1. Tell me the residue from D:Leu228, D:Leu235 that is modelled with pLDDT under 90, of a type outside the set (Phe, Trp, Tyr) and under 30 Å from B:Ala110 (Cα atoms), please.
2. For the range A:282-306, enumerate the residues that are within 7 Å of another protein chain (Cβ to nearest Cβ) and either touching a Gly at 6+ places or on another chain (Cβ under 9 Å) or in contact (Cβ under 8 Å) with a residue 40 or more places away in the chain (or both).
3. Take the range D:80-98 and flag every residue that is surrounded by 23 or more Cβ atoms within 10 Å (Cβ to Cβ) and within 7 Å of chain A (Cβ to nearest Cβ).
4. Quick one: in the range A:245-267, which of the residues that are away from chain C (no Cβ under 11 Å) and in contact (Cβ under 8 Å) with a residue 40 or more places away in the chain is surrounded by the fewest Cβ atoms within 10 Å (Cβ to Cβ)?
5. What are the residue pairs meeting all of these: first residue in the range A:144-173, first residue within 18 Å of C:Met113 (Cβ to Cβ) and without any contact (Cβ under 8 Å) to a residue 60 or more places away in the chain, second residue surrounded by fewer than 17 Cβ atoms within 10 Å (Cβ to Cβ) and not β-branched (Val, Ile, Thr), Cβ atoms under 6 Å, and 6 or more apart or on different chains?
6. For the range D:15-111, list the helices (runs of 4 or more DSSP H) that sit wholly inside it and hold at least 2 residues that are small (Gly, Ala, Ser) and under 15 Å from the mean Cα position of the chain (by Cα); which are they?
7. Residue by residue through the range B:224-239, note down the ones that are touching a strand residue (DSSP E or B) at 6+ places or on another chain (Cβ under 6 Å) and open to solvent by 20 Å² or more (accessible area, probe 1.4 Å).
8. Could you check the range C:28-58 and list, in sequence order, the residues that are at pLDDT below 90, over 16 Å from C:Leu304 (Cα atoms), open to solvent by less than 20 Å² (accessible area, probe 1.4 Å) and not hydroxyl-bearing (Ser, Thr, Tyr)?
Amino acid sequence: MSRGTGSPYLKTTYPSDAALLGTPVRRFWLAVFGLAALGFPLVGTPVLMDLLCRTAVAVVGAHALNLVTGYAGQVSLGHAGLMAAGAFTAGILTEELGAPFWLALPAAVLVGALFGVVVGIPSLRLRGLYLALSTLALHFVILYLASEYQSGRGFATGLLVPRPKVGPWTLAGATAWYYALGGVATLTTLFCLNLARTRPGRAWMAIRDRDVAAASMGVNVAAWKVLAFVVSSALTAFGGGLWAYYLGFVSVEAFSFFLTVEYIAMVVIGGLGSVLGAILGATFVTVLPYAVDAIVNLVPVPDRVHTHLFAVKFAAFGLLMAVFLILEPRGLVSVWSRVRTYFDLWPFRYHPLKG
Amino acid sequence: MTASLLEVSGLEVVYNHAVVAVQGVSLRVPEGRLVVLLGTNGAGKTTTLRAISGFLGSDNAEITQGTVLWDGQRVGGLQPYEVAGRGITLVPEREKIFETLTVEENLATAVPARRARGESRRESLDQVFRHFPVLFERRRQTAGYLSGGERQMLALGQALLCRPRLLLVDELSLGLAPLIAGNLLGILERLRAELGLTILLVEQNVAAALKIADYGYVMEHGRIVYEDTAPRLLGHADIQEFYLGVGREGRAKSYRDVKQYRRKRRWHG
Amino acid sequence: MAGTFRVLAWLAFMALLVISTPALAQEPYKVGITAAITGPAAVEYAARVETFRAYMSKVNSEGGINGHPIQLGYEDDRGEPARAATNAKKLVEQDKVVLLVNTSVSATYKPVMATVTEAKTPLLFGGGVCPQEVFPPANPLMFCTTSFAAQIDSDFAVRFMKEASKDKVRLGTATMDIPIARIGIDAAEAVGRKIGIEIVGRVTMPPGTADFTPFSSKLKDAGANWVFAWSPWSFEIGPYEALLNLGWQGNYMLYGHQQPIDAAYPRLNRENLYALVGASILAEGLPELKAMQEIAAKHGASRLDVEGGVAAVAVHEALKACGWPCSREKLQGAMSGLSITVKGVKGGPIQWSRDNHFRTEQWYKVYRWDSARQRAVTAKEWTKVDVAEKLKELREIIK
Amino acid sequence: MQLLANTLALASIYILLAVGYVVVYRASRVLNLAHGELMMLAGYAFFGLVSATPGHPLWAVPAALVVSFLAGVGVYATLVRPMAGHPLFSAVLVTVSLGILLRGLVLLGWTADILYPLAVSGYKNVPWPLPGGAVLTTIDLLSILMAVTVLLALWGFFARSRLGIQMRAAAENPLLAAQRGVNIHLVFSLSWGISTFVAGVAAILYASKVRLDPEIGVIGLRAFPVALVGGLDSLAGVAPAGLAIALLENLAIRYVSPLLSDVVPFLALLVMLFVRPWGLFGTKEEIERV
């Protein structure tokens, strides 16, 4: 699942490799985690609930990026652009046609898939950095279109997106959003796990590791590459749509290139090519700035230097990211795998030499 | 045997904190000798060479046990360029030259070992061109366009400019026509005689290597399983069977036989 | 292990310190502020927030309002809409502020509005551009104190040029490519055409612009003898300096952001730079501004930004009018009929009415630099514009 | 004529910045996304030194360049070297984090206010009329001169000097270079130092001509397409790419739409990607390796 982390967990049968939940122990802990998540609104403050909701949206986006970059090995810098495409599709349909969310969200997914085809095609010719830059160009094109729409239609500061409604029932309030977004994030995770452990996942990893070898083994490289972009972009646009509905507005400024960097940070910090990594990374990157804020706020300072604390927070965030990446360049999943390795091999440090 | 210039004892190398590549490897290379390290693919020969030359860090590998003594001092854990500065130079198996640089520039990259810093660069260069005249002819060419044999010569030339006391050569004849490989081994022997070099050679071409070597070690599965002087190794029945493909009755064994045999038999030095 | 314990002990000590800080003697007025304190827009906003905070400190040091201190909750939004949304949620839903202040870029307005609308909390735009929602017919929850009002500013500026110029005005315009600035420049051109000014060229500069020279040389070659700029500060002064470097001799008019224009006048020492303002600048040396500067300095603000001070005065007055206890509804009611005088800083009072939360009348002044006397002088004295009437007129002109 | 003069002035700044990307990329295969912020840092160093030594503004120039050089060496030693052998993405993200850190530090030290080092130094940026009716300022002329000097000096260094050749060797195959006795850490820190040194030159010129604030790092991102169009591993490509993009920008501003100038570098890049994906002068194999 993770590469280069030296996990001794080599699986010996296909069923065990394809199993979603390996052992009873894992099932037990997952159940505990699930119950804790379900009960969280009883104790969560509004800020924590909001943070978790945003994490759930980020998990969807991080999964999407991880599919194309982590599994298929195709670097995409157009992530913020694709999120914007989804968010604006939802926003415009709601604003112009009064479309309900159960029409607007699928439409966003469709638009995302179309853009996926558009970026997928250059990926047949370009690689690595240069492919990444062509996806970056897509980002600029989408944002240009969105800003033309925004200023052309007189929404100088963005569009308000109303709360989703089904019949008489409106999705409002922190708890409702928490369950809704948590459910969506869980379903997305299952979807990605299934993709990763079945044929598409294998094909993408083969292409990532060596596309020539993959082709010679009968993998249709072109089709699978484009498919990776289509699935990822559709999911990204879906994430963008969720973002728009949750935050209640859409505007060009919300989808700057820095958002792309944040998502890349999520999948890298989590651990490229790992579903668990995407979740951990999304949580880490979403929560870290607020954690830094909370810690810096603990330092008692006189009122007069209070505003300077924000520069400290800003710098501390950069410093923490850098330190983390230097200490754990292979991401949180690698930490996780090392811990498991340690307990698996205990009291030895590594497997004894065979033979 | 005289005092060893290089003495490796009880070496253990682990990749990724989990996979052991070599274990308990001990070997000695006395001054002025040519020692050959034999073994099949994956036996741990290259890992041993890389451990000596300080290359392991970049492969996420580390020496977990044992020592590498060079002229009585520990070198294990030094940076590669520091090892080179002490007079140990490696000619690696692949990527042995800078392909985008010209031949001349390739030679310019070599930094002489510390004890030789005062010597004239001109003279060393002339020496290299004398041994490898083809390099002089092609000095303005981009190295990427050289043939396999010329690449090997350029790599050896670069290594010589580092003014080593110990030359580690990994697979000198890999991918070369037998005639060219033979020539190169010949040149290597002449260099040793002329410059008084000490050489540790990893080689698949067992027969040719043992002809010029003084002493040999056999590695398998990350351990040294056998060692002896070169002539005795050449006459050893197992060596003949496994590496020279000659059966006990003087006929070549089929691959299948050898495979069966290997599974049953354990080596004992 | 010892290290870990030391860290833990230290943290525990810090926590104790925080907890044991003497509880405020009185229950406070809770005010929240989300602002661009860091990030790209901080150039504009950081000084504004600092001045605001310094004024609040001064109020607290003098015993607060009606015997209750003001408790200010800051959040930094870095000019990013998503962060502003989270900040607003925190301040409104968790900290339960009675008033939310937004001192940030216009991109953060929509998410903040979404939150206050749900929670029925009054929102004051104190430092940014006043949005449509505060002009008549105003959204009952939203108020604005700043002097910038894109269309009305532009209208006043071009009328001033026509009045001040003996020759025919050939106007070039420069704007940063953000929606609000485009709206301002559109208005300037429409009004200019209407009153008989020739519009010779317009440059829209992308936010990432590195070099202003190509833009300025286009304006110069178009033959402009007046140039008008309405943008964030860097994009007003940048084209001007580039024009100077090209040897251009015309007149330049910009919106005078108070703090930077104060620094720019003596540095550039040029006669042809006109600044349209809604609040006085320090260089004029008015005692009221000096007093404001002293307050800021005394309470730890390294620099003064008048808009921040004005917003602070407005919050002070609003809370005073609200009395104690002050609920969100009560405050909103109190603000809707408030009149705030900021003597010496503005030409007239800030007056909010039931359907106009920007101000019923807008006052302008124009400065230029006198290089002989080395000080800013008045090119046009405080002039009143009736907002509701002007908006109606502009709607006619622009369509 | 003015169009050409503007092109030269803009191109010279682009070139000075793009050189930094290329030198660092060649040495450590890292896209230094903090290049703009390192340039900004040099600008603040210059401002700080000018303010600290009133009356001797010229001393601040070499001093700021030394600080800038050391900053590059420091970044390599503390942030980039530990990332060797790890996923490239992580290293790139480290530079992003560094950019954030630097902006935070500058905010702490100098606030977000706009600063004008030239005004503090007491010098003036004077316009000079050129033949043909064009005008360039002292700083513009200096920028052009510096761009040419830097390119020639670097070309000479990499083609002729042994250290330069060793740097190229280390860039191609660091392990082999190390085996040949090249102190690769020295060589790589030198590359970073050279990169930030040249960025320092750009910073001093830019801050003197336009302004200094914590956001001027964004022009680093504008020079990025220049490096790519020229070929990320090719110094020779920087000059034509810088000139071409600056010319396209100027043409777009004058004859098409000023707004387009923002997109022009990326359009040029896109065209380049489809025609010659490895850049004007880049090595073809480069693409495989990233």
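1. Every option except D:Leu235 fails the conditions.
2. A:Asp303, A:Arg304, A:Val305, A:His306
3. D:Leu93, D:Val94, D:Val96, D:Ser97, D:Leu98
4. Residues of the range A:245-267 that are away from chain C (no Cβ under 11 Å), as a first pass: A:245, A:260-261, A:263-267.
With the extra rule that they be in contact (Cβ under 8 Å) with a residue 40 or more places away in the chain, the set shrinks to A:245, A:260, A:263-267.
Details: A:Tyr245: 27, A:Thr260: 22, A:Tyr263: 27, A:Ile264: 25, A:Ala265: 24, A:Met266: 28, A:Val267: 29.
My answer is A:Thr260.
5. Close Cβ pairs (under 6 Å, with a partner that is surrounded by fewer than 17 Cβ atoms within 10 Å (Cβ to Cβ) and not β-branched (Val, Ile, Thr)) amount to A:Ala172/A:Arg163.
6. Numbers: elements: D:35-52, D:57-75, D:88-110.
Correct list: D:35-52, D:57-75.
7. B:Ile224, B:Val225, B:Tyr226, B:Glu227, B:Thr229
8. Listed by number, the residues that qualify are C:Gly39, C:Ala41.
The values are calculated or read from the model by the stated rules, or taken from the named source; none is laboratory data. Remember, predicted model here, so these are calculated numbers, not experimental data. FYI the Cβ positions are ideal-geometry reconstructions off the backbone, even for glycines, and counts take in every protein chain you see. Accessible surface areas use protein heavy atoms only, side chains included; no ligands, DNA or RNA. Shrake-Rupley method; radii C 1.70, N 1.55, O 1.52, S 1.80 Å.
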